[in-house]
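The values are calculated or read from the model by the stated rules, or taken from the named source; none is laboratory data. Treat the numbers as computed from the prediction; the structure is a model and nothing was measured. We place every Cβ from the backbone using ideal geometry, glycine too, and count neighbours over all the protein chains shown. Side chains included, ligands, DNA and RNA excluded: accessible areas come from the protein's heavy atoms. Shrake-Rupley method; radii C 1.70, N 1.55, O 1.52, S 1.80 Å.
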Amino acid sequence: MRSLPRFSAAALLLIVAAPAPAAEPGAEWAYKPFKRPAVPDAPAQKTAARNDIDRFLLAKLAEHKLTFAPEADRRVLIRRAYFDLIGLPPAPEEVEAFARDNAPDAYEKLVDRLMASPQYGERQALFWLDVVRFAETDGFNADAPRPNAWRYRDYVIKSFNADKPFDRFVKEQLAGDELYPDDPDALVATGFLRHYPEEYNAVNLEQRRYEVLTDITDTTSGTFLALTSGCARCHDHKYDPITQKDYFRLQAFFAGMWPTEAVLLTPGARAEYQKKLAAWEAKTAEIRAAIEAIEGPYHQKASAKQRTRFPDEYASLLDIPFESRTPIQKQLGQLIDKQVNVRGDVSKSLKPAEKERVAALKAQLAQWANEKPPEPPRAMAMTDLPTPPPTNLYKRGNWQKPGAKLDPGFIATIDDRDADPQPTNGSVGRRAALAGWVASRENPLTARVIVNRLWQQRFGYGIVRTSSDFGVTGDRPTHPELLNWLADELVAKNWSLKHVHKLMVLSAAFRQGARGEEAGATADPDNKLLWQYPRRRLDGEALRDAMLAVSGQLNLKAGGPGVFPELPAELQKSSAGRWTPTADASERNRRSVYVFVKRNLRYPLFTLFDAPDRNETCARRFVTTTAPQSLAMLNDALVIGFGKQLAARVTKEAGADREKFVGRAFLIAVNRPPTSEEQAAMAGYLARHKGSDEEARADLCHALLNLNEFVYVD
């Protein structure tokens, strides 16, 4: 592990006490309300522009005597649209049909069809799941599974497919239980507040509670507002206008947190379930009591042993009736109870006679199994205590040094007032007040932040390249007027993400080729002005999906618990990295968004191509080019297997004729026919190959999966 630099106490005090550098002019631009700017309308833009987005871009390009690159070839364009919108390659027949379609609205119809596809939400959800650090395990050393976490992932996919208004999407995640108590989806949405890494076996519970609150506060402000508010936890922010008081006023919105595995039943279904469960319990009461009489003492012994891990001040909370505990005691008691009152398997501890008796009793219990209602669906959710614990301004951020008590409130620079929560649905209503403020049309940040994230997904970088930092040390927007125009357009169109997304994809900027004029490279080497389409490599998830798709193995089944693909043999030998692959091969071949997200073991192909580990939020993935990536694509058994399956598919569709085989393989893999030189070279390779014809075709197809054209979208 890399060691941290060492500082003397005096040096640390100097660093902490050092005055913040003077803010550059306009550094607080993001805190100012946005107004819809006038769209530039220069005569020279009229032929190049397809919509208002282009007019803003072209106006800036004209200042540098630049313009867009020529429009991309139609085969390139359809491939780009497919990967951008649904994260999958087009079928050869779709490419050929689009290439021949000369209708003026052919591209727009293609975009509409893709945005209406159920695969649209699966692709768009991936970016959001990175930002909210979604995972299906706790992290830390134990990395215990979260059996119901997948419901949040499915909620996000469903929301993007339905084009749920973004303000509603925000409100559901921050306070769905308070604002929409009769909507099961809104309850699932509060899983956003449960994605923090969880060291459930921690002993210092007050510290752990504070760490969780810190994580939730930092993630909320970064995700929706692109604020680095966490920098203000120990002292006033050194750069941005966020005070320590602001930070803890934000944290106060979450002070009453009460994590729960919520039952997802309508009131009527819940009543019916309770009725059936009560009937089963009445009929089996004597049997269950007899089992408990035998197993209970062993459970109590195990609990007593676990209880000794805690100091008396914590352990004694379990002796206080729940109703008599203070709010903070209730929260700490919940953390203790999770560790102490665990009903594990005690069969190994039972005496032989006890084992025999328990087995007989459980056999009797099984006779009533048909009358026991199935467990209702549950989701990781967040609710609140009716009375939250107080929130203090901790001195230097130290939870052991509480200062003044604070009420929940907003960032003073934006809205200098305390919140006015209204109790609702048995909760104090604090998070509902926060959600209303974050998703307000008057909030200057929320709309700007999400349209900037959409832009980043389309073009590789946001208009503000630091997409979760709109502060002083973040980048300034390259096109501030366009950012404000997009934010206003989003709000004006009922917060429709699909509307803004479609504008971006239909723009001439998105349609242009990836090779612009040389003058652009001189005037704008980083392509911040978008004088050409930025060449983009597939991320690991899209790469795996593409290989599954072209090899004919992709299973488009949607939703449900995460699946476990096979792992390399060397990982399976490690107890820390082992998982049991899903038995059904077709289930293993589902889309990558459904691959189980284990914090301490990301699927190797995803990790190799820069997927985050989801322990922290990831606003923008790194895009690296490393030798291991090429080595894996050339030598990994998984990729070689995809090559074999692709060869089998091509043989089935084109036969064994070498000319036809090569042509069909190119159309499937890279969506274009081979050039005459490629055709001759590949046919010659098949003829010269010293192995069997089957091996030769598999090697050729494996080579196609290694082409830049397959791994990159131009």
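When Ala627, Ala648 are screened for being surrounded by fewer than 18 Cβ atoms within 10 Å (Cβ to Cβ), of a type in the set (A, V, I, L, M, F, W, C) and under 21 Å from Gln553 (Cα atoms), only Ala648 passes. Those residues that are open to solvent by 10 Å² or more (accessible area, probe 1.4 Å) and polar (S, T, N, Q), I need them from the stretch 235-267; list them, please. Hits for the stretch 235-267 are Thr243, Gln244, Thr260, Thr266.
Within the stretch 326-368, the set of residues being open to solvent by 60 Å² or more (accessible area, probe 1.4 Å), under 39 Å from the mean Cα position of the chain (by Cα) and among the aliphatic types (A, V, I, L, M) comprises Val342 only. If you go through the stretch 91-106 and keep only what is open to solvent by less than 10 Å² (accessible area, probe 1.4 Å) and either touching a Leu at 6+ places or on another chain (Cβ under 9 Å) or basic (Lys, Arg) (or both), you end up with Pro92, Val95. Whether any residue in the stretch 284-295 is basic (Lys, Arg) and open to solvent by 60 Å² or more (accessible area, probe 1.4 Å) is what I want to check. Within the stretch 284-295, one or more residues are basic (Lys, Arg) and open to solvent by 60 Å² or more (accessible area, probe 1.4 Å). When Asp475 is tested against the conditions (1) in contact with a helix residue (DSSP H, G or I) (Cβ under 9 Å, 6 or more places away or on another chain); (2) part of a loop (DSSP other than H, G, I, E, B); (3) closer than 28 Å to Ala509 by Cβ; (4) not aliphatic (A, V, I, L, M), the lone failure is (1).
Examine the stretch 595-603 for a residue that is open to solvent by 20 Å² or more (accessible area, probe 1.4 Å), of a type in the set (Ser, Thr, Tyr) and not in a helix (DSSP H, G or I), and state whether such a residue exists. Taking every residue of the stretch 595-603 in turn, none turns out to be open to solvent by 20 Å² or more (accessible area, probe 1.4 Å), of a type in the set (Ser, Thr, Tyr) and not in a helix (DSSP H, G or I). Give me the residue from the stretch 209-229 that is outside any loop (DSSP other than H, G, I, E, B) and open to solvent by 20 Å² or more (accessible area, probe 1.4 Å) and, out of that set, nearest to Tyr247 (Cα to Cα). Of everything passing the filter in the stretch 209-229, Asp218 is nearest to Tyr247 (Cα to Cα).
Checking Phe127, Phe83, Phe98 one by one, the residue that is part of a helix (DSSP H, G or I), free of Cβ contacts under 8 Å to residues at least 40 places away in the same chain, more than 19 Å from Gly516 (Cα to Cα) and touching a helix residue (DSSP H, G or I) at 6+ places or on another chain (Cβ under 8 Å) is Phe98 and no other. Only a single item in (1) open to solvent by 20 Å² or more (accessible area, probe 1.4 Å); (2) not in a loop (DSSP other than H, G, I, E, B) is not met by Val491, and it is number (1). For the stretch 262-287, the tally of residues that are in a strand (DSSP E or B) and within 29 Å of Gln364 (Cβ to Cβ) stands at 1.
For beta carbons closer than 8 Å, sequence separation of 6+ or different chains, a first residue in the stretch 550-571 that is at pLDDT below 95 and a second that is open to solvent by 20 Å² or more (accessible area, probe 1.4 Å) and assigned to a loop (DSSP other than H, G, I, E, B), the qualifying pairs are Glu566/Pro581; Leu567/Arg578; Leu567/Pro581; Pro568/Asp636; Leu571/Arg578. Consider the stretch 369-385 and keep the residues that are over 30 Å from Glu172 (Cβ atoms) and not small (Gly, Ala, Ser). The one that is nearest to the chain's Cα centre (by Cα) is Lys372.
The selection criterion, being part of a loop (DSSP other than H, G, I, E, B), within 26 Å of Ile157 (Cα to Cα) and either in contact (Cβ under 8 Å) with a residue 12 or more places away in the chain or basic (Lys, Arg) (or both), does not hold for Glu587. With respect to the conditions (1) in a loop (DSSP other than H, G, I, E, B); (2) under 17 Å from Arg209 (Cα atoms); (3) among the hydrophobic types (A, V, I, L, M, F, W, C), Val342 lacks only one, and its number is (2). Residues in the stretch 612-664 that are more than 20 Å from Arg544 (Cα to Cα) and assigned to a helix (DSSP H, G or I): Thr651, Lys652, Glu653, Ala654, Arg658, Glu659, Lys660, Phe661, Val662, Gly663, Arg664. Among the residues of the stretch 526-558, the ones that are within 17 Å of Asp84 (Cα to Cα), assigned to a loop (DSSP other than H, G, I, E, B), within 20 Å of the chain's Cα centre (by Cα) and not aliphatic (A, V, I, L, M) come to 1 in all. Taking the stretch 153-190, which residues are crowded, with 24+ Cβ neighbours inside 10 Å and polar (S, T, N, Q)? Gln173, Thr190 - these are the residues of the stretch 153-190 that are crowded, with 24+ Cβ neighbours inside 10 Å and polar (S, T, N, Q).
Could you check the stretch 296-325 and list, in sequence order, the residues that are surrounded by 12 or more Cβ atoms within 10 Å (Cβ to Cβ), part of a helix (DSSP H, G or I) and among the aliphatic types (A, V, I, L, M)? Matches in the stretch 296-325: Ala302, Ala315, Leu317, Leu318.
Restricting the stretch 494-525 to residues that are acidic (Asp, Glu) and outside any helix (DSSP H, G or I) leaves a set whose member that is nearest to Glu709 (Cα to Cα) is Glu517. Scanning the stretch 62-78 for residues that are charged (D, E, K, R) and under 17 Å from Arg536 (Cα atoms), we see that the one that is surrounded by the most Cβ atoms within 10 Å (Cβ to Cβ) is Arg75. Summed over the stretch 437-449, residues that are open to solvent by 10 Å² or more (accessible area, probe 1.4 Å) and either farther than 14 Å from Ala492 by Cα or part of a helix (DSSP H, G or I) (or both) total 1. Residues that are open to solvent by 10 Å² or more (accessible area, probe 1.4 Å), closer than 27 Å to Arg325 by Cα, of a type in the set (A, V, I, L, M, F, W, C) and in contact with an Asp or Glu (Cβ under 9 Å, 6 or more places away or on another chain): does the stretch 373-396 have at least one? Yes: one or more hits. Pairing residues of the stretch 131-146 that are on the phi < 0 side of the Ramachandran plot with residues that are of a type in the set (Val, Ile, Thr) and in a loop (DSSP other than H, G, I, E, B), at Cβ distances under 6 Å and at least 6 apart in sequence or on separate chains, gives Val131/Thr617; Ala135/Val597; Glu136/Val597.
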